[in-house]
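Every read-out reported here was derived from the displayed coordinates using simple, explicitly stated rules and does not represent laboratory data. Quick caveat, the model's predicted, so the values are computed rather than measured. So basically every Cβ, Gly included, is an ideal-geometry build from the backbone, and we count neighbours across all protein chains shown.
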Amino acid sequence: LVIERELKSAITKQEMVLYYQPITDLKSGQLSAMEALIRWNHPELGLVPPDRFIPVSEETGQIVSIGRWVLHTACTQNKAWQDQGYPPIKICVNISTIQLQQLNFVQTVKAILEETGLNAKWLELEVTESILLVDTDLLKCSLQSLKELGVSMSIDDFGTGYTSLSYLRQFSFDRVKIDRSFVEDISTDLNGKAITASIISLAHQLNMTVVAEGIEDIAQLTFLQCQQCDEGQGYYFGRPLPAELHDLNTRFKK
Ligand code: G
Ligand code: G
Ligand code: MN
Ligand code: NA
């Protein structure tokens, strides 16, 4: 496969780039986090989206080195923003189930935090519900160690998998990210309203905060604010962009 072969040299050739999408506190309107989203800038294929190469890299195991590069680059960027004097925010990094299953994953995160000088409280790891299908002893142990390290954990694309919120609670996740398909439905049908309102309410009762993904218009935003949703992400607030293309003075209201 072309993708698999080309992926081998993608990092050394510096073809991978991170885009950053703002996450906004829905009460204050302040920037609260940025999510790092990988893109592959291939000389012939152009800008390859993650859906085209992340699944392949998971099958070949290449995700482990790609994921380490993502974590290191994202933590370095967040530390640089802090060093430039911007108010501290969290950096949210997508972690593949394959990465979290590596026995040395916690050690890798710890080493990256030390190397980059980023305080663990400014790092959040996003995993999907599929993580809950893996060996639970190792998972519980890793999540516990990450928590002790001071890193926070969120469940991405919530509602698209098979898990219930009460199950998530056992693993002490800090946050739930409501999948954008439900947010999209807020404007188009009543079920979208019922589903997002229920997720928010239950998550709060279980002491988790909620981020709504894929907010594109003011009607969705207003509904989510009325439901006490904590944070929001989506084109309404801003698209994913390379760090240098963000107008940070406006974003951070420096
Ligand atoms: O940015 P975009 O909408 O194209 O992302 C598509 C999917 O790729 C999303 O589900 C996102 O979680 C995933 N993704 C983006 N960046 C990363 C990454 O650095 N690591 C992993 N494992 N997945 C990522
Ligand atoms: O699965 P994950 O949440 O990590 O994926 C995030 C992806 O969703 C990003 O890659 C981004 O391109 C996409 N995205 C972010 N905001 C919006 C939005 O408002 N609308 C749509 N359609 N996609 C979005
Ligand atoms: Mn995500
Ligand atoms: Na998502």
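Tabulated values for the structure
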{"read-out": "Of all residues in segment 173-187 being surrounded by fewer than 16 Cβ atoms within 10 Å (Cβ to Cβ) and under 17 Å from the mean Cα position of the chain (by Cα), the one that is farthest from ligand 2 (Cβ to nearest atom)", "value": "ASP174"}
{"read-out": "Close pairs from segment 152-165: first closer than 11 Å to ILE131 by Cα, partner within 14 Å of ligand 3 (Cβ to nearest atom) and among the β-branched types (Val, Ile, Thr), Cβ under 6 Å, at least 6 apart", "value": "ILE155/VAL176; ASP156/THR128"}
{"read-out": "Pairs with Cβ under 8 Å, 6+ apart, first in segment 221-242 and closer than 17 Å to LYS193 by Cα and in a loop (DSSP other than H, G, I, E, B), second aliphatic (A, V, I, L, M) and away from ligand 3 (no atom under 16 Å from the Cβ)", "value": "GLN227/ALA197; GLN227/ILE200; GLN228/ILE200; CYS229/LEU26; CYS229/ILE200; ASP230/LEU26"}
{"read-out": "Residue list for segment 224-245, restricted to those being more than 15 Å from ligand 2 (Cβ to nearest atom) and either of a type in the set (A, V, I, L, M) or buried (at least 19 other Cβ atoms within 10 Å of the Cβ) (or both)", "value": "GLN227, ASP230, ALA243"}
{"read-out": "Test: residue in segment 31-41 that is surrounded by fewer than 17 Cβ atoms within 10 Å (Cβ to Cβ), away from ligand 2 (no atom under 16 Å from the Cβ) and not in a loop (DSSP other than H, G, I, E, B)", "value": "no"}
{"read-out": "Of residues in segment 204-223 being over 29 Å from ASN41 (Cβ atoms) and in contact with a helix residue (DSSP H, G or I) (Cβ under 6 Å, 6 or more places away or on another chain), the one farthest from ligand 2 (Cβ to nearest atom)", "value": "LEU206"}
{"read-out": "ILE195 being under 18 Å from the mean Cα position of the chain (by Cα) and surrounded by 13 or more Cβ atoms within 10 Å (Cβ to Cβ)", "value": "no"}
{"read-out": "Considering residues of segment 84-139 that are small (Gly, Ala, Ser) and surrounded by fewer than 19 Cβ atoms within 10 Å (Cβ to Cβ) only, the residue farthest from ligand 4 (Cβ to nearest atom)", "value": "GLY85"}
{"read-out": "Pair list, Cβ under 8 Å, 6 or more apart: segment 88-110 residue under 14 Å from LEU149 (Cβ atoms), other residue aliphatic (A, V, I, L, M) and part of a loop (DSSP other than H, G, I, E, B)", "value": "LEU100/VAL134; VAL109/VAL151"}
{"read-out": "Filtered residues of segment 72-129 (kept if away from ligand 2 (no atom under 16 Å from the Cβ), of a type in the set (A, V, I, L, M), touching a strand residue (DSSP E or B) at 6+ places or on another chain (Cβ under 8 Å) and more than 22 Å from ASN249 (Cα to Cα))", "value": "VAL109, LEU113"}
{"read-out": "Checking SER172 against (1) within 26 Å of PHE223 (Cα to Cα); (2) of a type outside the set (Phe, Trp, Tyr); (3) away from ligand 3 (no atom under 16 Å from the Cβ); (4) touching a residue at least 24 places away in the same chain (Cβ under 8 Å), the condition it does not meet", "value": "(1)"}
{"read-out": "Leading residue by the ranking (farthest from ligand 1 (Cβ to nearest atom)) among those in segment 153-183 that are out of contact with any Lys or Arg (no Cβ under 8 Å at 6 or more places or on another chain) and among the small types (Gly, Ala, Ser)", "value": "SER166"}
{"read-out": "Pick from segment 200-223, criterion hydrophobic (A, V, I, L, M, F, W, C) and under 13 Å from SER154 (Cβ atoms), ranking: surrounded by the most Cβ atoms within 10 Å (Cβ to Cβ)", "value": "ALA212"}
